[in-house]
Structures are given as structure tokens and as C-alpha cells.
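What follows is a single structure, and I will ask about it in a moment.
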Amino acid sequence: MPNNPDIIILGAGAAGLSAAVELAQAGLKVTILEARDRIGGRIFTKHDPVCHAPVELGAEFIHGRPPEIWKLLRKQHIRARKLKGEQWCAQEGKLCQCDFLSKVDQILEEMDDHGPDQSFLEFLERCCPNSDNDPKLQDAKAWARSYVKGFHAADPALISVHSLVRGMRADEKIDGDRPFRMKGGYQALIEIFRRQLDEADVSIEISTRAQSVSWDQADVQVTALDEANEVFTFAAPQVLITLPLGVLQANPDDKGALRFIPELPPAKLQALDQLAMGKVIRLTLRFRQRFWEKLRPSHSTKSKTLSRMQFLLSQEDWFPTWWTALPEKWPVITGWAPFYCGERLSGQSEAFVIEKGLETLGKLLRIGRQELEDLLEASYTHDWQTDPFSRGAYSYVKVGGDRAQLDLAAPLNSNLFFAGEATDVSGHHGTVHGAIASGKRAAAEILKTRN
Ligand SMILES: Cc1cc2nc3c(=O)[nH]c(=O)nc-3n(C[C@H](O)[C@H](O)[C@H](O)COP(=O)(O)OP(=O)(O)OC[C@H]3O[C@@H](n4cnc5c(N)ncnc54)[C@H](O)[C@@H]3O)c2cc1C
């Protein structure tokens, strides 16, 4: 830890790291305090030792062409590949090729943000008159509900339609519905930040969890605990907080949570209340081979196999969504259990999560449970909900929370600043590029106070 840092940053996720780079490159002495024994936060890549595939436990996709990520990749000559392959949907017990987005688009395009805000569930109930007599429209509504639960990991009865519209507009600008994957996994992005921070001489204290922030004095004081629970006090004229929404919402006595001294003002507390943390359990399974390549869902010898399957979408209870590694041909498949599915799996043993994953996959692909188990060689999962340093997967806005992200992002006293994906106001919250943008925004605010 350097003596007398100009700024202390809490959290070494994408937001904290991007802010640190900007501030250090502008000549400030920066110290980062990070609770985990690694940097990256909700970016957490492992590498399968057998097939050498990068396995993501957190973020996996680059959604479209956000400049915050692509500029860095181009500069460092790191490749990202567009996902290619087919979408398959399970319907009435059958698998068929489908165009999922065009199925739900006809519903999502009906949303607008002119009238008073409403939840997505309220919108679905009111939209599309006469849909009760139209089975196709009923079907599209059911898939739209699955989409909002799946993509936003959100409760459809809570999520704000205004925020969904803002997100869709933001996505349109960056081709957000075209997913890419980084060669080597998302860790490659963290390594870029690590190199930049080394060059700029930023000090990173890992395994150091902030416990309290006293912000009503000239120098902000941060108390933190190390692995052995020894207490340290750090001080700096300014502090940037990039902790996940779930951590900021937690009771200050809970592990990883932060106590503000004095307490945060009412506008900030209200903002915390108007945002929610989406829940997800993801499970990656590595099999002996890509056994689905030879499966013919319609059981006719002339029909198509699943060899080009990218996404497999269903409305199953435990793991409704699955995807393969295509265009890479690794024998890997990932299950996605959002919102209620994730909630039920959260806190359960890893064996239970794998059990439910295999049960769902077997049902969807019509493969016997024993056969699937015999083919399985490795599995990877992480419970972001019970993880004290994330307390959920990523944020969404609740009905009526139009101002919440703005209020959460607002600096206090010119000495306390806020970043992190939940503070993004441009419709890109809940993403890596939204987190990076929030870090850059907060760095600009800090530098402005110093001019
Ligand atoms: C399962 C999953 C899948 C996802 N998929 C995608 C995807 O495909 N594409 C995409 O763009 N985004 C995705 N996301 C979202 C994306 O990962 C996040 O939006 C982004 O990484 C958040 O960055 P951040 O810096 O705001 O927060 P974080 O990465 O959470 O960083 C905050 C840091 O603060 C630390 N911290 C917490 N408490 C303390 C404390 N008391 N003291 C010190 N440090 C503390 C944490 O350990 C963490 O390192 C996914 C997230 C999850 C969980």
C-alpha cells in the first residue's frame, strides 16, 4: 500500500479496474482494496484441463460491439468470435429449430416508456388485446416472459418496463443481440487491465474486505479486514465504491457488507430499494464427446441432427436454457437457471445442481440419465447468490425506479464516488461493458473535482 494514496477504490471488478486505469494514467496515486483473493469480480474464467476450453463461471458473452470492450481488444490484438449456430426450442415435448428472438420481438416491440411505468407482467396482461383467443400470441407471450426471466434474471412482476425499453434502445446502438466470445475467455480482458495497472503502479490489496467507510471528514477513512480478520485503517481524500448492488443492500453486519458512517442519505437508500439483484445459477458440463452431434430430435434418419446447435431454449423448471461452445467444437454445454430456477438451486449442494442439470438435459435431449452420467467428465458452477461479495448475479430496475441508477451513481460530499454495473444509466447495466463505462464515468467525475 503506497503512503497517502490520492484515491482508494473498493472492488477490483471491471468497474474498479477501469476507473483505476483512468485515474492512475491521469497521475493519481491509486490503491484498490479487493475482498477476494483474485481480481475480476463477476468475471471468473477457469480452464478445463482436458479440452482446454475456457469455462466461465460469471460473464461469458460480449453483447454486440460496445466500444468499451472492443477498443481494448483491438489495441491488444485479442480476437473475439461471433457465435454461430442454430437455435432449437423445446415445445410440446418436441425439439424444433426456431428463431427465438423474432418469436418474442413482436411482444417486446409493444412496450413503450411514454405512460406511467409498469412491471413486465402487468404489461403482458394488458398488451395485445384478444390474445386470449390467439394461441400463437399466447405462445409468444410465454416465450417473452421466459426471455425477460432468462436474459435479465429478473422477476417479471418486479422489473420496470421503462428500463427494458431503455435497454433495448441502448442495445440497438451496439448490435447488442449479436453475441461474441473472447478468445481465451473473459479473463483476457482482466489481464489487459492487470498489465495497465502494473505499468501505472497501482497498488492492489487482495483478500482485504472493506468493512466501514467514514465519509464526513476531510480524509475518508476505510476500515478493512484481511484473511486473518486483522483490522486495518486506510485513508484518502477520495474513495470510489464499486461494490455490487447486493453487497450495498446487505445488512452492515453481514460478511462483505459495508457500514457507512454517517448512514447514506435518503435518496441513496431509496435508490438501493428501487433496484434488485437478478439471480442465476449456471452450470457447465464437459462430456467425453459432443454426443448431441448425432442426435436427430425427430427420430427420422433423414432429419437434421443437433450438430450445429448453439442455443437450446425451453420452459423447463430447473435449467430452461442451454448453449454449446460453437463455433468451437469443445464437448462442453452450459445450462442457465435464472430467476426462480436459480433461486431454488441457490444454497443447494453442487451435487444437487448437477443432478437437476442432468435431469433437465436428459429430458430435453431424450437421453437416459445413466447414459448422460456415464458421458459426464467434469462440471463447473458458482453460486453468486450465496457469495458474500456479489449477493446475486446482476442488477435490474424495479417498477418506478426511473431515477434509481442516477441516484445511486451520484457522488456525495465530493469525496465519495460510486461506480459498478448497477450505477450505469445508459441502459447497459448488468453487463461488463456497462460496468467499465461506469468506472470511466466515475473517474471523470473525480478528475473534474481536481481541476
Ligand atoms: C453468472 C453471470 C453471468 C453473466 N454473464 C454476462 C455476460 O455474458 N455478459 C456481460 O456483459 N455480463 C455478464 N454478467 C454481468 C457482469 O459479470 C457484471 O455486470 C460485471 O462483471 C460487474 O462488474 P462490477 O465491477 O460492477 O462488479 P464486480 O465484478 O462484482 O466487482 C466488484 C468487486 O467488489 C468486490 N467486493 C465485494 N465486497 C467487497 C468488500 N466489502 N470490500 C472489498 N471488495 C469487495 C468483489 O469481490 C468484486 O471483485 C454476468 C454475471 C454473472 C454473475
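The values are calculated or read from the model by the stated rules, or taken from the named source; none is laboratory data. Treat the numbers as computed from the prediction; the structure is a model and nothing was measured. Every residue, glycine as well, gets a Cβ built from its backbone with ideal geometry; the counts of neighbours run over all protein chains shown. With ligands, DNA and RNA removed, areas are computed over all heavy atoms of the protein, side chains included. Shrake-Rupley method; radii C 1.70, N 1.55, O 1.52, S 1.80 Å.
Return yes when Pro49 is at pLDDT below 95 and either within 25 Å of Ala422 (Cα to Cα) or assigned to a loop (DSSP other than H, G, I, E, B) (or both) and no when it is not.
Criteria not met by Pro49.
For Leu28, all conditions in the list (1) at pLDDT 95 or above; (2) in a loop (DSSP other than H, G, I, E, B); (3) loosely packed, with under 15 Cβ neighbours inside 10 Å; (4) more than 14 Å from the ligand (Cβ to nearest atom) hold save one; what is the number of the exception?
(3) is the only condition that Leu28 fails.
Do we find a residue being touching an Asp or Glu at 6+ places or on another chain (Cβ under 9 Å), farther than 20 Å from Asp171 by Cα, open to solvent by less than 30 Å² (accessible area, probe 1.4 Å) and within 16 Å of the ligand (Cβ to nearest atom) anywhere in the stretch 55-68?
yes
Right, something else. Inspect the stretch 2-14 for any residue being in a strand (DSSP E or B), closer than 18 Å to Thr334 by Cα and near the ligand (Cβ under 8 Å from one of its atoms) and give the result as yes or no.
no
Follow-up. Please state which one of Thr31, Thr45 is of a type in the set (S, T, N, Q), under 23 Å from Val280 (Cα atoms) and in contact with a Pro (Cβ under 6 Å, 6 or more places away or on another chain).
Only one candidate qualifies: Thr45.
Mind checking which residues of the stretch 320-338 are part of a loop (DSSP other than H, G, I, E, B), open to solvent by less than 30 Å² (accessible area, probe 1.4 Å) and more than 15 Å from Arg145 (Cα to Cα)?
Ala325, Leu326, Pro331
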